[in-house]
Every structure is written in C-alpha cells, then in structure tokens.
1. Determine if the range 248-261 includes at least one residue that is surrounded by fewer than 23 Cβ atoms within 10 Å (Cβ to Cβ) and within 15 Å of V364 (Cβ to Cβ).
2. For the range 328-348: of the residues being among the hydroxyl-bearing types (S, T, Y) and out of contact with any Ser or Thr (no Cβ under 8 Å at 6 or more places or on another chain), which is modelled with the lowest pLDDT?
3. Would you check which residues across the range 24-77 are of a type in the set (F, W, Y) and over 24 Å from G157 (Cα atoms) and list them?
4. Do we find a residue being among the aromatic types (F, W, Y) and modelled with pLDDT of 90 or more anywhere in the range 308-323?
5. Considering only the range 240-281, state which residues are more than 21 Å from the chain's Cα centre (by Cα) and either assigned by TED's automatic domain parsing to the domain that holds A144 or hydroxyl-bearing (S, T, Y) (or both).
6. In this structure, does V117 turn out to be touching a residue at least 60 places away in the same chain (Cβ under 8 Å) and farther than 29 Å from N302 by Cα?
7. From the list A351, A374, A366, pick out the single residue that is at pLDDT below 90, assigned to a helix (DSSP H, G or I) and aliphatic (A, V, I, L, M).
8. On the basis of being surrounded by fewer than 24 Cβ atoms within 10 Å (Cβ to Cβ) and of a type outside the set (F, W, Y), does S90 make the cut?
Amino acid sequence: MTKRRGAVSLLFLMNGFFTGSWAPKIPEFAERLHLSESALGLMILTFGLGSIAAMPVTGIAIARFGSARVLKTVALSFLPMLLLITLVTSVPLAVIIMILFGSTMAMMDVSMNGNAVSVEKVEHRSIMSSCHAFWSLGGLIGAALGGMLIAAIGVFGHAIIATLIGGGLIAIAWKNVTPDAPETEARREKLRLPLTPLPWLIGIMALFSMIPEGAIMDWSALYLKDERMVAIAWSGFGFAAFELAMTAMRFAGDKVRDRFGAVSTLRFCAAMSVIGLLMIGLAPSVPLVILGFAIAGIGISNMIPIAFSAAGNLPGLAPGIGLSVTTTLGYSGILVAPSAIGFIAEHTGFAPVYAGLALLHVVVFALAPLARHADRG
C-alpha cells in the first residue's frame with residue numbers, strides 16, 4: 001500500500017471509528033439530558049439534517065480549495081465532537097452540538113471520498129472499496145471498544161481515549177494526504193448544482209443502494225426478535241453477518257473491480273443483494289435468513305464505493321460537485337428512509353418490506369452502465 005493510499009485509508013478508519021464510538025454513548029447521552037425516546041429520535045434527526053445540509057457545501061469547498069485542504073480542516077473540526085457530546089448538559093446546546101457533529105462528519109465523509117478519487121487518478125487503480133472497508137472496520141472497532149471503555153472508565157474517559165486515538169490517526173496520515181489542485185477560475189464560475197441528469201441518476205443509484213443498508217442497520221434485530229422469534233441475545237446476528245460480509249468483500253472489492261470493471265462488478269453486487277434481500281424476507285428458516293443477511297452484505301458492499309468513484313469522475317463536472325450530489329442523495333437513504341420503513345412495517349411487518357426492497361436493487365442493476373465512469377480513474 002502506497003503512503004498516499006494509506007493516508008486516506010487511515011482517515012476513513014478514523015471517521016468510522018468516531019461514528020462507531022458514538023453508538024454506545026447514546027443511552028448515557030439520553031439519560032443525562034432526560035430525553036424520552038421520541039425526543040432522542042428528534043435529537044438524532046438533527047444529526048442527520050446537519051449531515052445532509054453540509055454535503056453540498058463541501059462539494060463547493062472542494063472545488064475551490066481541493067479535497068486535501070478541506071479534508072485536513074474538517075478532520076480537525078470533527079476531532080473534538082465526542083468530547084463535546086460527552087460534556088453537554090442542556091438540550092438547546094446539545095441540539096447545536098449534534099448539528100455540528102453531523103455536519104463535520106458529513107464534510108469529512110465527502111472530502112475523504114474526494115481525496116480517494118484523487119488517489120485513484122494518480123495511481124490508476126481502484127482504492128474506493130478498500131477505503132470504505134476501513135470505514136466499516138473503524139465502525140466495528142469504535143462500537144466494540146466504546147462499550148468496553150464506557151463500562152471500565154466511564155463516558156468521559158472513553159471520550160478522551162477515543163479523541164486521542166482519532167488525533168493519532170490524523171497525525172499519522174497528515175503529511176501523506178494526496179494534494180490536489182482546486183478548480184480553475186473558469187471552472188469555478190460554473191460551480192452550481194448540475195442541470196444534466198447524469199450526476200442525479202448516479203445519486204439515485206446511491207440512494208437506492210443505501211436504503212436497504214439503512215433498513216438492515218436499524219431494523220434487522222427487531223425483525224429477527226419479533227417476527228422470526230429469535231431470542232434477544234441472538235437478534236443481532238443478522239446485522240453482524242451483514243456487516244462482516246460487507247467489510248470482507250469491500251477489502252476484496254478493488255481487485256474485483258480492477259479485474260472485471262465497475263459495470264460488471266456493480267451488476268454482480270446488485271444481483272447478489274436482490275437474492276439476499278429476498279432470502280431475508282421470504283426464507284422459511286432463521287439460518288437461511290441469516291445467510292440472506294450475509295449475501296446482502298456481499299452485494300451491498302461495493303455498490304456505494306463504485307457510485308462514489310463514478311460521481312467523482314464525471315466528464316465536465318468538478319469532482320466535489322458530483323460527489324456532493326451523490327453523497328447527499330445516498331446518505332438520505334440511511335438517515336431518513338429507515339423511519340419511513342419503520343412506519344410501513346408497523347402495518348405490514350418487516351418480511352414483505354425486506355423482500356420489496358429488492359426492487360430498488362433491480363433498478364441499480366438497470367443503472368449499472370453509469371458505473372463506467374468509475375473506470376476513468
């Protein structure tokens with residue numbers, strides 16, 4: 001692994017680690033602020049809204065200043081967020097910090113994907129899938145380590161250690177972040193939301209890719225417990241199978257994409273995901289449902305990395321602008337859609353919902369030719 005690739009991979013790891021570290025802090029956060037479940041849901045919604053609002057702004061910033069400069073700035077801005085969340089004691093201030101937490105996380109996300117596109121162009125090889133694998137790995141480490149540290153030394157001690165680890169990862173990566181030139185003055189004059197359909201179609205592809213991922217993240221445990229009658233101690237196995245399969249396949253994804261091309265890889269992934277989602281909803285036994293989660297993880301694994309690479313390589317469009325459109329639409333699928341899915345499932349159950357979500361990836365399969373732009377790097 002080259003130094004420039006290692007640097008951006010470490011920043012993906014750091015972002016995932018911080019995101020994963022937030023999850024075990026949520027119960028204490030709600031207790032400290034005396035939040036009901038509905039109030040906590042609204043608080044988390046502010047995180048999502050801050051994220052979505054920040055993404056288009058980040059695309060313009062990348063076009064003006066380059067992804068490396070923006071990435072370094074927002075990584076430092078993201079670093080103190082776990083500490084601030086741990087220290088806040090009033091609801092109004094917590095709302096502000098949650099918006100900042102979501103927006104800095106999202107800005108770092110867009111800029112590190114932009115920098116990964118720059119590395120792909122310099123090295124003439126795919127790296128996006130493995131970068132997202134490092135993000136997934138960071139999330140797993142952050143969630144697991146966070147729970148243990150909170151139990152051992154409390155939420156403040158956990159926040160200190162997580163911040164030190166995050167700062168260390170940034171420091172190691174700092175000097176090797178790939179520099180890229182900002183857009184020329186002529187191109188800057190055109191920095192606006194694109195009017196051509198291509199970036200929006202890729203954004204829809206990302207949105208449809210991520211909605212089932214959000215449904216699995218948020219609802220798989222409840223589905224297994226309530227509808228498949230799995231004991232609560234085992235109800236997390238569906239998400240675990242999904243996440244482990246997705247992470248493993250992302251580490252292999254770059255070689256697969258370089259060997260077979262982005263279009264064929266995306267078609268394979270979409271087909272696998274359709275099979276997995278249908279198994280989750282329709283399989284007659286719990287082991288087959290768990291296998292369905294794993295197959296869906298294999299399928300979903302490289303759909304978003306390919307969409308992001310394609311968005312960053314669109315002809316005639318600044319990479320930051322293409323990425324901001326795609327990330328904004330894509331992450332809406334994780335941040336907003338699960339609440340709608342929960343509402344529908346309350347009336348229909350989750351089994352038909354998961355089976356129905358397979359239709360979204362049939363659409364992704366049909367849109368796969370757009371992934372050819374991911375091979376331009």
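1. No, because not a single residue in the range 248-261 is surrounded by fewer than 23 Cβ atoms within 10 Å (Cβ to Cβ) and within 15 Å of V364 (Cβ to Cβ).
2. Just the residues of the range 328-348 that are among the hydroxyl-bearing types (S, T, Y), to begin with: 328, 331-332, 339, 348.
If we keep only those that are out of contact with any Ser or Thr (no Cβ under 8 Å at 6 or more places or on another chain) too, we end up with 328, 332, 339, 348.
Numbers: T328: 87, S332: 84, S339: 75, T348: 92.
The selected residue is S339.
3. To start, the set of residues in the range 24-77 that are of a type in the set (F, W, Y) comprises 29, 47, 65.
The one that is of a type in the set (F, W, Y) and over 24 Å from G157 (Cα atoms): F65.
4. From the range 308-323, those among the aromatic types (F, W, Y) are 308; that's our starting set.
Within this subset, residues satisfying the condition of being modelled with pLDDT of 90 or more are 308.
The answer is yes; a qualifying residue exists.
5. If the condition is that a residue be more than 21 Å from the chain's Cα centre (by Cα) and either assigned by TED's automatic domain parsing to the domain that holds A144 or hydroxyl-bearing (S, T, Y) (or both), then S264 is the only one that fits.
6. Values: touching a residue at least 60 places away in the same chain (Cβ under 8 Å): yes; farther than 29 Å from N302 by Cα: no.
Answer is no for this residue.
7. When all the criteria are applied, what remains is A374.
8. Details: surrounded by fewer than 24 Cβ atoms within 10 Å (Cβ to Cβ): yes; of a type outside the set (F, W, Y): yes.
Yes; evaluated as a whole, the condition is true for this residue.
The values are calculated or read from the model by the stated rules, or taken from the named source; none is laboratory data. All values derive from a computational prediction rather than experimental measurement. FYI the Cβ positions are ideal-geometry reconstructions off the backbone, even for glycines, and counts take in every protein chain you see.
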